[in-house]
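Let me begin by presenting the structure, written as structure tokens, before commenting on it.
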Amino acid sequence: MPPPITASDVYTVVGLLLSLVGLLATFFSVQLSQWLMSILATESKWKAYSAGNDEEAKSARRECAAEISASYNVVPFGITLAVGTFVWLVISASLSALALIEETKLRAILTNVLWAFVWSYGSLTLLLLIFGYLMGRSLKQKIAKKNA
């Protein structure tokens, strides 16, 4: 018969799981932020060169068209879905592990922190993703209209 699960065991496992999620979420948030900054940089470039008719402006507009095609696609959504699923699985496992032990103040604190993380991570991810796709769609339409 295996020994019973102790509160110390659960806290150790939850700590390990949260470390993994923290590393992944940090890496992913940086990647998502860079994706959004890329779209914003392309939009700034477009604003600077959209009105000109010289060769430099035309070249810059062609670069903008290529850059927005590289940025505005389904890849960020797919990665968000994959990472979000992993984060949710780890958070669910952590909450399940915490449910195995008796109610203590530390368990209550960890449970609240897990839910706060889910809401803040989810909100920030959705905000960046929605804003990026709205900006990308708008810019892609402007570029298509000018190049038509």
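Annotations
- Only one entry of Ser33, Ser38 meets the criterion of being touching a Ser or Thr at 6+ places or on another chain (Cβ under 7 Å) and farther than 15 Å from Asn147 by Cβ, and that entry is Ser38.
- Residue selection: Ser59 fails the criterion of being touching a residue at least 12 places away in the same chain (Cβ under 8 Å), under 30 Å from Ala144 (Cβ atoms), loosely packed, with under 15 Cβ neighbours inside 10 Å and of a type in the set (S, T, N, Q).
- When residues in segment 1-17 are screened for being more than 12 Å from Glu102 (Cα to Cα), outside any loop (DSSP other than H, G, I, E, B) and without any contact (Cβ under 8 Å) to a residue 40 or more places away in the chain, 4 of them pass.
- Of all residues in segment 96-142, those satisfying the criterion of being in a loop (DSSP other than H, G, I, E, B) and within 18 Å of Thr12 (Cβ to Cβ) are Leu100, Ile101, Glu102, Thr104.
- Members of segment 42-56 that are among the small types (Gly, Ala, Ser) and either touching a residue at least 24 places away in the same chain (Cβ under 8 Å) or assigned to a loop (DSSP other than H, G, I, E, B) (or both): Ser50, Ala51, Gly52
- Taking segment 1-49 as the range and being crowded, with 16+ Cβ neighbours inside 10 Å and of a type in the set (Gly, Ala, Ser) as the test, the residues that pass are Ala25, Ser38.
- Residues of segment 88-137 that are surrounded by 14 or more Cβ atoms within 10 Å (Cβ to Cβ), among the polar types (S, T, N, Q) and farther than 15 Å from Leu24 by Cβ: Thr111 alone.
- For segment 73-106, residues that are under 25 Å from Ile5 (Cα atoms) and in contact (Cβ under 8 Å) with a residue 40 or more places away in the chain total 13.
Each reported figure results from applying straightforward, stated rules to the coordinates on display, with no laboratory input. Not measured: the values here are computed from a predicted model. Here the Cβ is made from the backbone with ideal geometry for all residues, glycine too, and neighbour counts use every protein chain on show.
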